[in-house]
Amino acid sequence: MSSVKTKELISEEAYKALECIVGPKYVTADPAECQAYTGRGYSFEFFWWQDICRRPACIILPENTEQVAKIVKVCNHYGIPYQPGSTFGWVPLSSTNLRDDFLAIDLKRMDKLEIDEKNMYALMEPGITYARLQAEAMKRDLHTMVPAGGGGVAVIANQLSTGWGSLCYRITMSQVRRMNGVEWVTPEGEVVRMGSLVNDYSGYWRGGLGPGLVGILKGQSSWAGSMGIVTKMAFKLYPFQPEKPEPDGIGCNTCVNLPPRMRWYNISFPSEETLEKAIRAIGNAQIGAYVNRVPAYMREISRCRGSVEYRNMFWQSWSQLTPETLSTIHVLRVLLIGYTSQKQFEYEERVLTDIVNENGGTPLRTRQSDEACFMYACAPDIWMATGSQLLITVGTESLRCTRQMGDDFQDRWTRDYKTDALDQYQEPPWYMPVEFGRTAYSECDGYYDSLRLDPDGSQYDRELVIRSQQFFQSVVPSIEARTGWVSNFTTFTRCSYTSDAMYHNASVWVDRFQKEFNPQGLSNAGFPYIGDKLLDIFPGMITDEIKDTVKAVKEAKWRGL
Ligand SMILES: Cc1cc2nc3c(=O)[nH]c(=O)nc-3n(C[C@H](O)[C@H](O)[C@H](O)COP(=O)(O)OP(=O)(O)OC[C@H]3O[C@@H](n4cnc5c(N)ncnc54)[C@H](O)[C@@H]3O)c2cc1C
């Protein structure tokens, strides 16, 4: 990496101090190199279009915890705002701050990984991706989940920001329960160990000497880098089974072929109600490794199998669908794994068959390979058919609550916003049970035409942008308040205005924690609450609907209306 002229935004003296820590090869202020770290990609490209995401002034790549702590101390000394990133896959969240003077701390050189097979945990640094962890874990008959962001996502960054994937059906949703211990460089540069890492790097359980502090680094929502830097994590792994899935294909057209002890079942049900009943019964019987209500959008995209031509193929098949055809399609996809033995697999298959029969289900022809559960090779295709996907809300609640929120979401979308983006033909938004059906995950997306949202796009439509933000910041939070459904993106993409009453006064707690731990506000300066920045740009996005809802929640005896 070349080190050319330092940006004026970071003084020559501060730059020299940074250079002394990592050596000249691993720090740069070259605009071309910094440009690569500018927040784009995924739905948050939207924040780049609004000029919220800017190019960092400088990039630094530390090699170990000591260097990270020294860098953070230099930042505190010179008042330089900084932003950690593990693989910078979610660059927008790592640079959404309306300023040009920050230092991006790229942690990818810190990539040590040790697996304690007997005690079933991995001790790793921020540069470790899911692809690497999953591959190493499977060699030892262990496994973990992989998020839909793909195998290239960093495990630590993902656990701190989101941390859910399809295999959470059996191995728990809550990332906090998987973090056995953490080594943390506080926003002011102190090194703190938590959980069982307090006990000399033995990370096999969550306990440790003193109070358990791991929870301050991740709760329902995320700090998005505004709470210092995690430099090591002891991460719980789960037993797998000895027969290995075999990789097949190349590039986007990649999958793993399943061994006999793992099997997919696609099942068609006569109605949404019978499908839901089957979900509950499968959870009650405690069988299954993964259970998913397949949305038509995902099914159509996956049929295209990552082909270069996939966009055209998708448009051809999508345009043939109608609300009427979709109202008759109710497909559940179930993965069974004989974790302990072939006998377990056969038992689960018998139970599943009974449940399917009792609910009038019909098994469909199912390919015995996987591209979206263990490796997420198909991730880029899934999200980007229209060039932009706005992730409107995502989270977990009871199945009943999740379904109600989804129905209200779809009603409102169909009534007032349908022509703004891809027609989803009134299908319920994506939902699936997690934690053996104790809760249900849902994700509501809007697939917008990027040419209409990008100010430089040929069909830019500012009115549409405002409407998309109204739906995101006013309509959907009002639905959440009415149904009691809580979004995971509360503190990082929503407006603090809506969070006051509706999300346990999260903003009050965010402010308290930030004041205590990040008093200079340098750790990801400007975060959380990206929604507040958007409010300055689009004042109209907070409508009377949400104002009235917030007022009603404040006056109500209990959260929810
Ligand atoms: C198409 C798509 C689908 C996705 N679907 C899912 C999904 O189903 N489930 C899921 O869990 N996630 C999902 N994600 C989110 C994805 O997993 C994130 O990219 C990931 O959580 C962040 O890891 P990263 O390596 O990509 O990001 P980074 O950009 O490196 O970091 C993300 C955030 O964490 C902070 N951070 C990074 N490293 C550290 C550290 N060591 N200490 C403190 N803070 C740090 C950064 O400042 C930033 O705010 C999806 C993303 C995409 C693009």
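Checking every one of the trypsin sites (Lys or Arg not before Pro) in the stretch 508-561 against DSSP loop status and a limit of 14 other Cβ atoms within 10 Å picks out 557, 559.
Per q in 0.10, 0.20 1/Å, what log10 I(q)/I(0) does a Debye calculation on the alpha-carbon atoms of the stretch 127-267 return? Per q value, in the given order, log10 I(q)/I(0) is -0.39, -1.26.
Net charge near residue 215: determine it from the other residues with C-beta under 14 Å of the C-beta of residue 215, scoring Lys and Arg +1 and Asp and Glu -1.
Working: positive: 177, 178, 206, 218; negative: none.
Here the count lands on +4.
The orientation-averaged projected area of the convex hull spanned by the Cα atoms of the chain comes to 25.4 nm².
By count of other Cβ within 10 Å, fewest leading, how are 22, 508 ordered? Each step should come with its number before you reach the end.
Details: 22 19, 508 12.
With the sparsest Cβ surroundings first, the list reads 508, 22.
Close amide H partners of residue 290, meaning residues 5 or more places away or on another chain with modelled amide H under 5 Å apart, are 335.
For the chain, adding -39500 (n - 2.57) for each run of n ≥ 4 DSSP H residues and dividing by the number of residues yields -9500 deg cm²/dmol at 222 nm. Working note: Karplus 6.51/-1.76/1.60 with θ = phi - 60° gives the stretch 484-497 the couplings x, 7, 10, 6, 6, 8, 2, 8, 9, 10, 8, 7, 5, 3 Hz, where Gly and Pro are set to x. Please give the FRET efficiency for residue 548 paired with residue 177, using the beta carbon to beta carbon distance and R0 = 35 Å, rounded to the nearest 0.05. So the FRET efficiency works out to roughly 0.40.
Bridge orientation summary for the stretch 12-106: considering DSSP beta bridges with both residues in this region, about 30 percent are antiparallel.
For Cα pairs less than 8 Å apart in space and 6+ apart in sequence, what is the mean separation divided by the residue count of the stretch 248-371, i.e. the relative contact order in percent? Computed value for the stretch 248-371: 50 percent relative contact order.
Restriction of the chymotrypsin sites (Phe, Trp or Tyr not before Pro) in the stretch 340-377 to DSSP coil positions whose beta-carbon has at most 13 other beta-carbons within 10 angstrom yields no sites. Across the stretch 439-446, rounded Karplus estimates of 3J(HN,Hα) from the backbone phi angles (6.51 cos²θ - 1.76 cosθ + 1.60, θ = phi - 60°) give 9, 10, 8, 9, 9, 10, 10, x Hz, Gly and Pro being marked x. The value of relative contact order for the chain, using C-alpha pairs under 8 Å at least six residues apart, is 14 percent.
Taken together, the values in this text are just the output of simple stated rules run on the coordinates, not laboratory data. Here the structure is a predicted model, which is why all the values come from computation and not from measurement. Neighbour counts are summed over all protein chains in view; Cβ atoms, including those assigned to glycine, are modelled from backbone coordinates with ideal geometry.
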